[in-house]
Amino acid sequence: MTDIAELESNNLTRIDGATDLAALDEARVAILGKSGNVTLLARTLGSVSLEERKVLGPQINQMRDRLAARIEARKAELEAAELEAQLAASRVDLSLPAPPRRRGGVHPTMQVMDELVAVFADMGFGVAEGPDIETDFNNFTALNFPPKHPAREMHDTFFLPPDAHGERKVLRTHTSPVQVRVMNRTSEKLPSWIATGQEPPIRVIVPGRTFRQDSDQTHTPMFHQIEGLVIDKGIHMGHLKWTLETFIARFFETDRVTTRFRPHHFPFTEPSAEMDVKCDRSGGEVRIGEGEDWLEILGCGMVHPNVLRNCGLDPDVWQGFAFGCGVDRLGVLKYGMPDLRDMFAADVRWLAHYGFSAFAAPNPASGLS
């Protein structure tokens, strides 16, 4: 029979000598596990006489209890030491300067919006706004869209379920419905921020969100547009050309702007045109005012007589022009962003790189950006 006192002494020495929790667990298994020395000793009781068993049994059980208690005590000591080491390693040194706080930034789309408003305000334009959900009349009919025009189809436009009167409203596909609201006098009671009819002469820009079923590297289902509208007597294409060339030069902050107007078709303008600007596409960048390449940048034209009539204006008295372009696309071109979809990805790292200071308000006199 193994000497119980000697076995307990050796086991206590092994337990106290464990320097970490892994070593202590190995000792526990070697002592109290299924093949541990105390367990094996207890199994030998069956080979001794009854009298010896009455003496040795309690001694072995008491030894096992003492060793188990010592293991638990040592475990608590090692856990406390490990916690102290972790706390010491992660101690905060209050004498060090605090890490810099991440500050918010102005999203490039909002920055470009502010820049556009600053440019056109300097040219005498006001700002008009309207709702994202529009009537079919304001979004299509008043703007001279024929009944079977593709833009009225589900694959191009987001339609809402019919209301109680059977009318399907739409998520506006452009900000042009606000032009209708500005020109069309109405007795409808609307919130104060929604544009209402005003008497000519009219000179407004209309920034806002628009929605179309389109998504790729240069298109997103929700995007931002800015439209311009001028209504007065004697307005002609020369006024439109000067306005747009001045706008492009001031927005891109360069005097070397060369433009060309190509005939196009829009239901709400006649004649209509797309305006291109000369640029340089080399090196993976687009630089406005340089090179020999051309880039289509916006659509424009003289307001169609039918649109004027639909809004209660006499086209024999009043003329005007309108134009529209993508705000997000202008930001991509000006600030060198590779993918339009990143503007809607909600990635704070992207915003930290491309965002703007909230304290640097665009000002044509001191510089937009």
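The values are calculated or read from the model by the stated rules, or taken from the named source; none is laboratory data. Note that the structure is a prediction, hence the values are computed from the model and not measured. Cβ sites come from the backbone with ideal geometry, for glycine too, and all protein chains shown count toward neighbours. Note: accessible area is taken over every heavy atom of the protein model, side chains too, but ligands, DNA and RNA are not part of it. Shrake-Rupley method; radii C 1.70, N 1.55, O 1.52, S 1.80 Å.
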Neighbours of Lys233 by Cβ distance under 15 Å: Lys/Arg at +1, Asp/Glu at -1, summed charge -3
Per the charge dipole of the chain (beta-carbon charges, Lys/Arg positive, Asp/Glu negative, Cα centre), the residue among Ala18, Trp350, Thr210 reaching farthest to the positive end is Thr210
Regression test value, accessible area per residue of the range 50-107, probe 1.4 Å, units Å², expected 84
Treating only Lys and Arg (+1) and Asp and Glu (-1) as charged, each at its beta carbon, one finds that the chain has a dipole about its Cα centre, in Debye to the nearest 20, of 440
Sorted list, accessible surface of protein heavy atoms, 1.4 Å probe, largest first, for Asp132, Asp316 is Asp316, Asp132
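Over the chain, what is the relative contact order in whole percent, taking alpha-carbon pairs under 8 Å and six or more residues apart?
Working: 563 pairs, mean separation 59.2, N = 369.
Once normalised by length, the contact order is 16 percent.
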Expected field for Lys233, accessible surface area in Å² at 1.4 Å probe radius, rounded to 10, holds 130
Violations at 26 Å Cα threshold for listed pairs Lys241/Lys278; Lys148/Lys169; Lys34/Lys54; Lys169/Lys334; Lys241/Lys334 -> Lys169/Lys334
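Going by average Cβ density within 10 Å per residue, which order do the peptides 26-34, 323-331, 134-142 take, highest to lowest?
Top to bottom by mean Cβ count within 10 Å: 323-331, 134-142, 26-34.
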Rounded to the nearest Å, the spacing of the alpha-carbon centers of the range 260-328 and the range 72-139 is 38
Between Glu167 and Arg91, the FRET efficiency computed from the C-beta separation at R0 = 56 Å comes out, to the nearest 0.05, as 0.25
Checked against the structure, the computed P(r) over Cα pairs in 10 Å bins from 0, in percent among (i) 4, 15, 19, 18, 15, 11, 8, 5, 2, 1, 0, 0, 0; (ii) 4, 17, 21, 14, 6, 4, 6, 8, 8, 7, 4, 1, 0; (iii) 5, 26, 36, 25, 7, 1, 0 is the one labelled (ii)
The simple spin-label model distance between Asp293 and Ala68, using points 7 Å out along Cα→Cβ, in nm, is 7.9
Share of accessible surface on carbon and sulfur in the chain, whole %, 1.4 Å probe and ligands ignored, is 53
